[in-house]
Amino acid sequence: MSDTLLDVDDLRITFPTRTGLVQAVRGVSFSLGRERLGIVGESGSGKSQTGRAIMGLTPPQAEVSAKKLAFDGMDLLSISPRERRALRGNRIAMILQDPKYSLDPVMTIGRQIVETLRTHEKVGKTEARERALAMLQAVQIRDPARVFDLYPHEVSGGMGQRAMIAMMLVTGPELMIADEPTSALDVTVQLDVLNILDKLVAERGMGLIFISHDLRLVSSFCDRVVVMYAGKVVEQIKASELRDAQHPYTRGLLNCMPKIGFERHPLPVLDRKPEWAA
Amino acid sequence: MTVSITVEGLEVVFDRFRALKGVSLELREGESYGLVGESGSGKSTLLRAITGLAPASSGTITVNGKTLGKTRDKAFYREVQMVFQDPYGSLHPRQTVDRLLQEPLAIHGIAEGEKRIERALDEVGLGKGFRFRYAHQLSGGQRQRVAIARALILEPSILLLDEPTSALDASVQAEVLNLLEEVRRRRKLTFLMVSHDLAIITHMCERLMVMQNGEAVETLTASQLIGHRVSEDYTRNLLRASEGFVRV
Amino acid sequence: MSVATIQSRRAWLLSDRPASRLQARLGRAYVAWRRFSANRLALIGLLIIIALLVVAALADVLAPYSPTIGDLKNARLLAPSAAHWFGTDDLGRDIYSRIVYGSRWTLYVVILVAIIAAPIGLLVGTIAGYAGGWTDTILMRITDIFLAFPKLVLALAFVAALGPGIENAVLAIAVTSWPPYARIARAETLTVRNSDYIKAVQLMGASPFRIVLRHIMPLCISSLIIRVTLDMAGIILTAAGLGFLGLGAQPPLPEWGAMIASGRRFILDQWWVAAAPGAAILIVSLGFNLLGDGLRDALDPRSGDQ
């Protein structure tokens, strides 16, 4: 398939700990075209580590191995750190959970976007500024010129996350990894940010990996969902067919959340089977 | 029906910032009442003002017929207890579960601690095997169960819950919510629960108050909310947001 | 002991579900010990301190001569030899014996200072940190006043006022060394004061006194132990300094600092008189420093539990 953007085959990530080696990710495989893919799992399922490994942000003490980890035909595990850095932020971008921690606190938002752009592309100062402003406009910031000169602590969480998206998208990446991009935001702001993200991804024909613990949110946003449990993929399913999920874990995860208008007392709980992790 | 908590015109000011701008509330005995809102709405501040952790600058709080002053006496804490949001921060890192549960008993001079601790652990579904563990040897859900056991060990009649499940995985959340419902039924507790999640509030509570920027937006019953019979736009927005993402 | 029993004991100590208070405590101690013993330098430090304790305890057995009565006629300023391992001093006393007995005085100073200064610092710091407001301001300004003077100068002033002697030297050092401990305890208290677990205890109806004593102090103690251990070397040196200036231990007490002072006169011709106690101070100070570093790794509450 020529429009495969990312191909992951048998990805494994191992962390050394005091008591021995711990495998955080144990043989994850999936491929991604120009589509929206959700990775869902609970804490400790390895979903974030999978995203970080693709981005090349795995902590140095951990070991990453895979039969194949290819972005646009390039083997990510064998290219040099320099080539990897050139990819990062340019063709592959990542949004993290809390904008407070991912934006540089002592640099204005505008300057950060300009810096990002100028690291990866040869553009003049005026052009960079114009593109940054256009990008801020694209993430529906009403007064881009004002926000351009603000520091991250001077904006709200939702605004910060939009600025983060603007910074990540300004180089026109082909693959975007969003790790819990809206979990730190209020519910109403959450939807605004998702709308912006959705529009931009569709307009630019990017591939998106949306990592989240919230199965409902992911299934309403993505085309396809990968469900992870204990470092493994237990199910891959089209979001529209989630109701017919086969794996008891997926079904349990869907069921156990309270839903407005459905009275269930007590809530069904997940009966974890050891064979799921096997 | 007897009234459990009455809050009238409560204001809380932190360094000139008005976190609560005159909120009133009436909680009947045995009912479960929800406070919904986004960050900065003042919902947690309201809980903290009732416990005395946040200073009330004006307004009155009455609990079980007694109007509270600036300080709370020991008897108050035997009536009202609280479960915190973050199970990783609410247990002392250097104390075993045993020690954590012993502390309230020691403070109130309650004898037969052994029995009470075992009963409390049983009640929250942890059992004896957890008694001598430290907080770092427990999962998030287990920690929250310990926090609930600690709140219940003084046998209060009112339990304040500050987003008790928002830091937990969905499946663990279901277990903790079920546990809370069960202890409420068994002990006939009054709940005042804070959450940003409408689904959790309608699941747990009979009545609720929507809050925004330190003020009450509206007061509803759970069935009104389920039937979308709301009068304020803000509540409608929250409802829409809670249904997940819809592509426009 | 067979391998199997050792292994089962280790499993018992490291158990995730201890069955008793004792097992939980021992398990915790064992984890700290494993972290500590992974650091080889720290073990060397510990060994030095244990050796110091043993020497002090068995001084009567280990010392071949009296520390205070010398042989003025035959044994003045002898070079190191089989009979006198570290030689003799100007009064014909065996230096090795004096150093062995001197270890008692070193321990005496170090332990007394720690016992006096650490609790004062802990109390002042935690109360200031927890109470805040005026209490905090007053207590910390007092602390600042003490911190404003160089330690040795302040100790000198105290000894000058109280009169020379090792007890007064101890008192002077203790009075000058608590302020940094108060600072540490206060900083630590400020970081935990607003945590939910302290709030939870407040909501139990605990008195401020109880919260400070039973919930905050235990959290400050490990950083304090580390700091006190690291300061031990400094305490020994201050005591030696006072002894050297003639304001600490008085002759004929075999205190190491005083010994260096008296050896100073012969340093060019009979170097061993001053070198031997100097080396003893060096080694013990090094031992406390290494131990302190190891304890920092083992007890640091931030690196620890998760």
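The values are calculated or read from the model by the stated rules, or taken from the named source; none is laboratory data. Bear in mind that the values here come from a model prediction, so they are computed numbers and not experimental data. Ideal geometry is used to build each Cβ from the backbone, glycine not excepted, and the neighbour counts take in all protein chains shown. In case anyone asks, the SASA skips ligands and DNA or RNA and just uses the protein heavy atoms, side chains included. Shrake-Rupley method; radii C 1.70, N 1.55, O 1.52, S 1.80 Å.
Grab the Cα-Cα distance for B:Glu114 and B:Glu206, subtract it from 0.36 nm times how many residues apart they are, and report the gain in nm with one decimal. Provide the component values of the computation, followed by the final result.
Numbers: separation 92, 0.36 × 92 = 33.12 nm, distance 3.59 nm.
Between B:Glu114 and B:Glu206, full extension yields an extra 29.5 nm.
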>> Taking the full set of protein chains and a 1.4 angstrom probe, give the accessible area of C:Cys220 in square angstrom, rounded to the nearest 10.
In response: 0 Å²
>> Calculate the FRET efficiency for B:Arg229 and A:Glu263 from the Cβ-Cβ distance with a Förster distance of 22 Å, rounded to the nearest 0.05.
In response: 0.85
> Given a 1.4 Å probe and the protein chains all in place, what does the accessible area of B:Thr219 round to, in Å² to the nearest 10?
Replying inline: 80 Å²
> Under a 1.4 angstrom probe, counting protein chains only, how are A:Asp10, B:Asp15 ranked by accessible area, largest first?
Replying inline: B:Asp15, A:Asp10
> Listed here are the pairs A:Lys273/C:Lys199; B:Lys43/B:Lys66; B:Lys21/B:Lys70; B:Lys43/B:Lys188; which of them are more than 29 Å apart at the Cα?
Replying inline: A:Lys273/C:Lys199
>> Can you tell me which of C:Ala83, C:Ala187, C:Ala274 moves the most in a GNM of chain C? Springs connect C-alpha atoms under 10 Å apart.
In response: C:Ala83
> Where both partners of a DSSP beta bridge lie in chain A, what percent of those bridges are antiparallel, to the nearest 5?
Replying inline: 60 percent
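Report in % the part of the accessible area of chain A that belongs to carbon and sulfur, leaving out ligands and nucleic acids; probe 1.4 Å.
Details: 6360 of 12950 Å².
So the carbon and sulfur contribution to the accessible surface is 49 percent.
Percent of accessible area on the stretch B:3-242 owned by carbon and sulfur, 1.4 Å probe? Write out the running numbers ahead of the final one.
On the way: 4020 of 8940 Å².
C and S atoms contribute 45 percent here.
Given a 1.4 Å probe and heavy atoms of the protein chains only, how would you sort B:Ser57, B:Ser242, largest accessible area at the top?
Details: B:Ser57 75, B:Ser242 50 Å².
Reading off the accessible areas and sorting them downward yields B:Ser57, B:Ser242.
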> Per residue, what accessible area does the protein assembly as shown have, given a 1.4 Å probe and all protein chains present, in Å²?
Replying inline: 45 Å²
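Rounded to a whole number, what % of the accessible area of chain C do carbon and sulfur atoms account for, probe 1.4 Å?
Values: 10180 of 14900 Å².
Carbon and sulfur atoms account for 68 percent of the accessible area of chain C.
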>> I'd like the interface area for chains A and B: accessible area of each alone minus the complex, both sides summed, 1.4 Å probe, protein heavy atoms only. What is it in Å² to the nearest 100?
In response: 2500 Å²
> Between the stretch A:146-198 and the stretch C:123-141, what's the alpha-carbon centroid distance in Å?
Replying inline: 43 Å
> What's the FRET efficiency of A:Thr17 with A:His247 using the Cβ-Cβ distance as r and R₀ = 30 Å, to the nearest 0.05?
Replying inline: 0.55
> Straight-line reach from B:Lys115: which lysines have a Cα under 18 Å away, not including same-chain ones fewer than 8 places off?
Replying inline: B:Lys128
>> Quick check: the angle from helix B:113-123's long axis to the longest principal axis of chain B, C-alpha only, nearest 10 degrees?
In response: 50 degrees
> Among A:Thr171, A:Thr14, A:Thr116, which one shows the biggest mean-square fluctuation in a GNM of chain A, springs joining Cα atoms closer than 10 Å?
Replying inline: A:Thr14
>> Students sometimes get this wrong: rank B:His92, B:His196 by accessible area, probe 1.4 Å, all chains present, largest first.
In response: B:His196, B:His92
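Total Å² of accessible surface buried at the C-B contact, 1.4 Å probe, nearest 100?
On the way: alone 16480 and 12380 Å², together 25950 Å².
Rounded to the nearest hundred, the buried surface is 2900 Å².
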> Any residues in the stretch B:95-130 that have 40 Å² or more less accessible area with all protein chains than in their chain alone, probe 1.4 Å, and which are they?
Replying inline: B:Arg99, B:Glu103, B:Ile107
> Quick one: which bits of the stretch A:186-201 get at least 20 Å² less accessible when the partner protein chains are in, versus the chain alone, with a 1.4 Å probe?
Replying inline: A:Asp186, A:Val187, A:Thr188, A:Leu191, A:Asn195, A:Asp198
>> 5 Å is the cut-off here: which amide hydrogens, built 1.01 Å from N in the peptide plane, fall below it relative to B:Ser4, excluding neighbours closer than 5 in sequence?
In response: B:Leu27, B:Arg28, B:Glu29
>> Which one, A:Val155, A:Val201, A:Val114, has the greatest fluctuation when you compute a Gaussian network model over chain A with C-alpha springs under 10 angstrom?
In response: A:Val155
>> Which residues belonging to the stretch B:179-193 lose at least 10 Å² of 1.4 Å-probe accessible area when the assembly is complete, relative to their chain isolated?
In response: B:Glu181
> If ligands, DNA and RNA are left out, what is the accessible area of A:Arg162 with a 1.4 Å probe, given in Å² to the nearest 10?
Replying inline: 40 Å²
